[in-house]
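Below: one structure, written as structure tokens.
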Amino acid sequence: MLATGAAVTNVTALAQVDREKIYQWINELSSPETRENALLELSKKRESVPDLAPMLWHSCGTIAALLQEIVNIYPSINPPTLTAHQSNRVCNALALLQCVASHPETRSAFLAAHIPLFLYPFLHTVSKTRPFEYLRLTSLGVIGALVKTDEQEVINFLLTTEIIPLCLRIMESGSELSKTVATFILQKILLDDTGLAYICQTYERFSHVAMILGKMVLQLSKEPSARLLKHVVRCYLRLSDNLRAREALRQCLPDQLKDNTFAQVLKDDTTTKRWLAQLVKNLQEGQVTDARGIPLAPQ
């Protein structure tokens, strides 16, 4: 029993030491001389310290220091001269901002301060080098963490920004991983009623989304990715919930989603197969056919 008590005391003492280190690193963020190491250490600990986000948000000068790290990289964007070292350092700062974006106590304040807008210049970049790819992916991760919460205020905020065209551009030309996160963000926006209504409000918005999704389907038929296909199918299925979009999709849904092109890719993915079947069913419902069951062209 004594041994158990001693073990608990040791664990508590260790936790206290760790906590003291966290406080120390947060303080060190305020000084340019000690910031780089503090960024690295704190980004490693972000999963294991549940209240790290409030600690970062409420400590003096910390968020300003993280934003300074982001702004310092802007000159390296154009012309694109970003190095691996610069990219790693700013991505550690972005990882801490993702932590703040994910936490229920700090999310609203994070949005009210419009901090996601500081990341948009990174999403505008097109350089294919690894430092830039890592920068885009980590920036998308912050937005992904926001939409994952399924909070209405997140969608309302994002719809006032240029996130949809930014995601669409990455969906068209990014790496597979970046495409997957960007498509996930679009999917989450579409799953919200306000987001779906926004995208289907004008033909221009809808057609831009449909065109990029169509290009992705064509690309996926050549280079399959089950994970990316899952998000693309879910986006199409959600679009089919809107009557005007459903009518348009009857004309422009890629043939590869109607035939057996992806049968092999989806053979073990019952969820995506079910979504795809529901999508096809949605597009068939209410459609006017001739006596042979062949759809008639709209008048």
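The values are calculated or read from the model by the stated rules, or taken from the named source; none is laboratory data. Because the structure is predicted, anything quoted here is derived from the model rather than measured. Here the Cβ is made from the backbone with ideal geometry for all residues, glycine too, and neighbour counts use every protein chain on show. Calculation scope for accessible area: heavy atoms of the full protein, side chains included, ligands and nucleic acids excluded. Shrake-Rupley method; radii C 1.70, N 1.55, O 1.52, S 1.80 Å.
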Completion exercise
With the dipole of the chain defined by +1 on each Lys or Arg Cβ and -1 on each Asp or Glu Cβ, the option from LEU56, THR81, ALA113 whose Cα lies farthest towards the positive pole is THR81
Exercise for the section: Quickly estimate the mean residue ellipticity at 222 nm for the chain, helices only: each DSSP H run with n ≥ 4 gives -39500 (n - 2.57), and the total goes over all residues, rounded to 500. Expected result: -21500 deg cm²/dmol
Exercise for the section: Between GLN251 and LYS267, with labels modelled 7 Å along Cα→Cβ, what's the label distance in nm to one decimal, could you check? Expected result: 3.8
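When the dipole is taken about the Cα centre of the chain, and only Lys, Arg (+1) and Asp, Glu (-1) are charged at their Cβ, what size is it in debye, to the nearest 20?
Details: 31 positive and 29 negative charges, 168 e Å.
Taking the Cα centre of the chain as origin, the dipole is about 800 debye.
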Practice task
May I ask you to derive the relative contact order of the chain, considering only C-alpha pairs under 8 Å and at least 6 residues apart, and to give it as an integer percent?
Solution key: 11
Problem - Calculated Rg and Dmax of the Cα atoms in Å (choose from (i) 23.2, 86; (ii) 36.8, 119; (iii) 22.9, 76), label - result: (i)
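For segment 29-148, what number results from the quotient of the Cα radius of gyration and 2.2 N^0.38 Å?
Numbers: Rg = 13.5 Å, N = 120, 2.2 N^0.38 = 13.6 Å.
Against the compact-globule rule of thumb, the ratio is 1.00.
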Practice task
Tell me the label-point distance for the pair TYR203, GLU105, using the 7 Å Cα-to-Cβ offset, in nm and rounded to one decimal.
Solution key: 5.2
Fill in the blank from the handout: Filtering trypsin sites (Lys or Arg not before Pro) in segment 225-261 by DSSP loop and by at most 15 other Cβ atoms within 10 Å leaves LYS258
Exercise for the section: Could you order peptides 203-210, 63-70, 178-185 by the average number of other Cβ atoms within 10 Å of their residues, highest first? Expected result: 178-185, 63-70, 203-210
Completion exercise
Over 18 Å (Cα to Cα) among LYS230/LYS273; LYS179/LYS222; LYS148/LYS230; LYS148/LYS188; LYS179/LYS281; LYS45/LYS128 -> LYS179/LYS281; LYS45/LYS128
Practice task
Quick one, could you list the DSSP H helices from the chain stretching 30 Å or more along their long axis (Cα atoms) with average Kyte-Doolittle hydropathy of 0.0 or above?
Solution key: 2-28
Fill in the blank from the handout: Counting only protein heavy atoms with a 1.4 Å probe and every protein chain in place, the carbon and sulfur fraction of the accessible surface of the chain in whole percent equals 56
Exercise for the section: Would you be so kind as to identify which of GLN68, LEU40, VAL126 lies farthest towards the positive end of the dipole of segment 29-148, taking Lys and Arg as +1 and Asp and Glu as -1 on Cβ and the Cα centre as origin? Expected result: VAL126
Fill in the blank from the handout: With the 1.4 Å probe rolled over protein heavy atoms, segment 29-148 has an accessible area per residue in Å² of 44
Fill in the blank from the handout: Distribution output for segment 172-281: share of Cα-Cα pairs per 5 Å bin in percent, first bin at 0, values 2, 12, 25, 26, 21, 10, 2, 0
Fill in the blank from the handout: Listed residues ILE143, ILE155, ILE77; largest mean-square fluctuation, Gaussian network over the chain with Cα springs below 10 Å, found at ILE77
